[in-house]
Amino acid sequence: MKIAVTGGAGFIGSNFIFHMLKAHPEDRVICLDKLTYAGNLSTLASVMDNPNFHFVKLDICDREGVYKLFEEEHPDMVVNFAAESHVDRSIENPEIFLQTNIIGTSVLMNACRKYGIQRYHQVSTDEVYGDLPLDRPNLFFTETTPIHTSSPYSSSKAGADLLVLAYHRTYGLPVTISRCSNNYGPYHFPEKLIPLMIINALHDKPLPVYGDGLNVRDWLYVEDHCRAIDLILQKGKVGEIYNVGGHNEMRNIDIVKLICKELGKPERLITHVTDRKGHDRRYAIDPTKIYNELEWLPETKFADGIKKTIKWYLENQEWWENIVNGEYQGYYERMYGRR
Ligand code: NAD
Ligand code: DAU
């Protein structure tokens, strides 16, 4: 099997590549990545010499480049992770989100139609369902929950999902979609909650919690997400959507306090800052379908996963220092300077 993985130099895509090369050593993986601010070639250093791995620097919106790659490689499957993924950046500048997340997806699917494909898999998000209230803990997102987005990011992901489903119905493209909750683990870009708090705490810098910090996210260790996508590729039904999440809802403030405790840092570093515009209150996935149909269950408990993640950031300082010492400083100043 030849699998094209887009966005493989980012957080989840790279972890997926590591998983696939290990779990399916007979497969060939081709990574397509534009290497935006969020893509890092050093992340893929450990697999660069693997004869079953090939990296191509490519923008998924570049139709000619994508078609050329399909003509040369004829992938059997495409797994599309490539996206602008950060909600705060989408609030600052929505346009690139529409370009990559929607137009990029359409370019990939057109290539799949033109050259043929066994499976196109779209990596989507629970954010397409909008949010749930904090006072209704018995409500969860199922695959039939209406799409009801809040941010330019989630709207662009929802637009892509609708397009993927349309390509299935209209052209018979063999697609699947996964909608996962918040991931955490190694190679998570420092702008996101968990790595940002670990890195700031290590520097004894303020820990900027948006608003009251009571917003709830449903955290899943990244390897569990990668296993779920692998299972969907093997056994998932074409045309179907699968929610992925492990019933691990936590309030932001509790995550930040836990990180302080694990690192032996004082909670007085916690600073409440102006809330995110349109901030979703609570996400919570109902994973019944993927459990019943594909027997997927998460393997890593949060208490273990967060320890492993913190250890990884302590042992891989060079990886994140290269990021936070670069253009990230300008981003941080823009986002948090006068917040
Ligand atoms: P990320 O920002 O860490 O990585 C995105 C990668 O895509 C980067 O390597 C970047 O260079 C690449 N990319 C961006 N634009 C591109 C383009 N035009 N052409 C080619 N490559 C491009 O993102 P992530 O957190 O790893 O998320 C991966 C996917 O999973 C996204 O589609 C996201 O919506 C989805 N998702 C993420 C989470 C999460 O918690 N992080 C949860 C559910 C779903
Ligand atoms: O639910 C899946 C989604 O999870 C993915 O689709 C997105 O790509 C991914 O970025 C993530 O989105 P969130 O907005 O939930 O993640 P983020 O890490 O940006 O924020 C998590 C929560 O923490 C959110 O309620 C905002 C809050 N937060 C975040 C940052 C960066 C803070 O309080 N302070 C911060 O500095």
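Ranked from highest to lowest mean number of other Cβ atoms within 10 Å per residue, what is the order of the peptides 173-179, 228-234? Each step should come with its number before you reach the end.
Details: 173-179: 22.4, 228-234: 20.4.
My ranking of the peptides, most packed first, is 173-179, 228-234.
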Counting other Cβ atoms within 10 Å of each Cβ, which chymotrypsin sites (Phe, Trp or Tyr not before Pro) in the range 1-105 have at most 15 and sit in a DSSP loop?
Tyr37
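Any chance you could list the semi-axes, whole Å, largest first, of the equivalent ellipsoid that the Cα gyration tensor gives for the range 92-146, using √(5λ)?
On the way: eigenvalues 189, 61, 7 Å².
After scaling each eigenvalue by five and taking roots: 31, 18, 6 Å.
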Descending principal axes extents, the range 288-339, alpha-carbon based, whole Å:
47, 27, 17
Which cross-chain or sequence-distant (5 or more) residues have an amide H under 5 Å from the amide H of Thr271, H modelled 1.01 Å from N in plane?
Leu207, Val209
Using θ = phi - 60° and the Karplus relation 6.51 cos²θ - 1.76 cosθ + 1.60, list the HN-Hα couplings for the range 192-202 in order, rounded to whole Hz, with x at every Gly or Pro.
8, 3, 5, x, 4, 5, 4, 5, 5, 4, 4
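Which value, in Å², gives the accessible area per residue of the chain when a 1.4 Å probe is used on the protein heavy atoms? Please report the intermediate quantities before stating the final value.
Details: 14570 Å² over 339 residues.
Each residue of the chain exposes 43 Å² on average to a 1.4 Å probe.
Net charge within 9 Å of Met20 by Cβ-Cβ distance, Lys/Arg positive one each and Asp/Glu negative one each, not counting Met20 itself? Please list the in-between numbers first.
Working: positive: Lys22; negative: Asp27, Asp230.
Value of the local net charge: -1.
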Under Karplus coefficients 6.51, -1.76 and 1.60, residue-wise ³J(HN,Hα) of the range 54-59 in Hz, glycine/proline x
9, 9, 10, 7, 7, 8
Asn322 label point, 7 Å along Cα→Cβ, cut-off 20 Å on backbone N: hits in the range 191-205?
191-192, 195-196, 199-200
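In the structure shown, do any of Lys68/Lys192; Lys235/Lys308; Lys205/Lys257 have a Cα-Cα gap over 23 Å, and if so which?
Lys68/Lys192; Lys235/Lys308
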Got a sec to turn the phi values of the range 105-115 into Karplus ³J(HN,Hα) couplings, 6.51 cos²θ - 1.76 cosθ + 1.60 with θ = phi - 60°, whole Hz, x for Gly and Pro?
4, 5, 4, 4, 5, 5, 5, 4, 5, 5, 9
Once you treat every alpha carbon in the range 228-305 as an equal point and sum by Debye, what is log10 I(q)/I(0) at q = 0.13, 0.15, 0.20 Å⁻¹?
-0.62, -0.74, -0.96
Once the dipole of the chain is set up from charges on Cβ (+1 Lys and Arg, -1 Asp and Glu), the residue from the list Leu69, Tyr283, Cys112 lying farthest towards its positive end is Tyr283
So for the chain, considering every pair of alpha-carbon atoms, how many percent are separated by more than 26 Å?
46 percent
When 1/r is averaged over all different Cα pairs and the result inverted, which Kirkwood radius in Å belongs to the range 135-242?
16.7 Å
Ranked output for segments 142-155, 190-203 by mean other Cβ atoms within 10 Å, highest leading, reads 190-203, 142-155
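To the nearest 20 debye, what charge dipole does the chain have about its Cα centre, counting +1 at the Cβ of each Lys and Arg and -1 at the Cβ of each Asp and Glu? Don't skip to the end; give the middle numbers.
On the way: 38 positive and 45 negative charges, 80 e Å.
Value, rounded to 20: 380 debye.
What trypsin sites (Lys or Arg not before Pro) in the range 296-336 are in a loop by DSSP, with at most 16 other Cβ atoms within 10 Å of the Cβ? Walk me through the numbers before you get to the answer.
Working: sites: Lys301, Lys307, Lys308, Lys311, Arg334; in loops: Lys301.
Here the trypsin sites (Lys or Arg not before Pro) that fit, given the DSSP loop and packing criteria, are Lys301.
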Can you tell me the length gained on complete extension of the stretch Glu295 to Glu315, counting 0.36 nm per residue apart and subtracting the Cα distance?
3.8 nm
Over the range 1-127, what percent of the accessible surface lies on carbon and sulfur atoms, probe 1.4 Å?
50 percent
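The values are calculated or read from the model by the stated rules, or taken from the named source; none is laboratory data. Since the model is a prediction, treat every value here as computed from it, not as a measurement. Counting neighbours? That spans all protein chains shown, and the Cβs are built from the backbone with ideal geometry, glycine included. Protein only, heavy atoms only, side chains kept; ligands, DNA and RNA dropped before computing areas. Shrake-Rupley method; radii C 1.70, N 1.55, O 1.52, S 1.80 Å.
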